[in-house]
Amino acid sequence: MKYRHLLAALAATLLAGCATSPTGRSQLMMVSDSQMSQMGLTAFNDMRKQGKFVDAPRERAYATCVSNALIAVLPPPWNTQQWEVQIVDDDTANAFALPGGRIGVNKGMFKLASNQDQLATVLGHELAHVVARHGAERVSDNMATQAAVAAGTIYAGTRGTNAGYAAAALGIGAEVGILLPFSRTQESEADTLGQRYMAQAGFDPRAAVTLWDKMGAQGGSKPPAFLSTHPAPGNRAQALDRQAQQLLPVYQQARSGGHAPACRP
């Protein structure tokens, strides 16, 4: 039957697309690094064409200084890749890094991150998403989920269940039970890796706790923790604080070994 063929194809794809993250976590990978790099470059160029970037040489030089210090301690091939940093004309506190070697920092981030260590917290976190291939994992998760929903819908139709109702129910279950939890896992993993990178680069890992506390204090409407794509703020702060203490020797050794960034806003 058709749904059996779909399930067989899905199972074969899942088995063929297994990978391991830098923290040892199993990942589903159904797209290549080159495909993701092309997607990242296309997205970045689209932003450029739309006039999203602002001419801010001082902020750009500052963000590039912090980024370069972090990139130097990334594993290959990311530590030898050519990276471009642009400032985004947006007053919200945000930043991103894309496969293909592109980094964007919102103007609003410089108001929140008051020193190089706090800015390194954000940029280390975003670079960690790239190193851990989280973008490819998200694309792969969505592809697998869509295939599973299609197979389930076809099967429900053969059992006399309303196909539209089944598709909606399966879609909601897949989003809450698969995609969002994976995203929370990715965010926690990026916290862990990003804080490690900043310590290795000579940035104070304790600044991560301060920066995320500032983020949490911004307020605004927040979804329930189980529907959030980020770890609960309290849990996040505790995890960052624990790791900061563990990373202090790494930070001190990096500073004494010549990794002593002096980036100024």
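Structure data summary
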{"quantity": "Test: residue in the stretch 207-227 that is touching a Gly at 6+ places or on another chain (Cβ under 8 Å) and modelled with pLDDT of 85 or more", "calculated": "yes"}
{"quantity": "Single match in D117, D90 (criterion: under 16 Å from R196 (Cβ atoms) and either of a type outside the set (S, T, N, Q) or surrounded by fewer than 19 Cβ atoms within 10 Å (Cβ to Cβ) (or both))", "calculated": "D117"}
{"quantity": "Every residue from the stretch 103-115 that is of a type in the set (S, T, N, Q) and more than 20 Å from the chain's Cα centre (by Cα)", "calculated": "S114, N115"}
{"quantity": "Any helices (runs of 4 or more DSSP H) falling wholly within the stretch 20-133 and containing at least 3 residues that are modelled with pLDDT under 90 and over 24 Å from R264 (Cα atoms)", "calculated": "33-49"}
{"quantity": "Filtered residues of the stretch 43-78 (kept if free of Cβ contacts under 8 Å to residues at least 24 places away in the same chain and surrounded by 13 or more Cβ atoms within 10 Å (Cβ to Cβ))", "calculated": "A61, T64, N68"}
{"quantity": "Number of positions in the stretch 103-114 that are touching a residue at least 24 places away in the same chain (Cβ under 8 Å) and surrounded by fewer than 22 Cβ atoms within 10 Å (Cβ to Cβ)", "calculated": "3"}
{"quantity": "Residue among G40, G100 that alone is crowded, with 17+ Cβ neighbours inside 10 Å, on the phi > 0 side of the Ramachandran plot and in contact (Cβ under 8 Å) with a residue 60 or more places away in the chain", "calculated": "G100"}
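The values are calculated or read from the model by the stated rules, or taken from the named source; none is laboratory data. Predicted model only: the values in this text are computed from it and were never measured. Methodologically, a virtual Cβ is constructed for each residue, glycine included, from the backbone with ideal geometry; neighbour enumeration extends over all protein chains shown.
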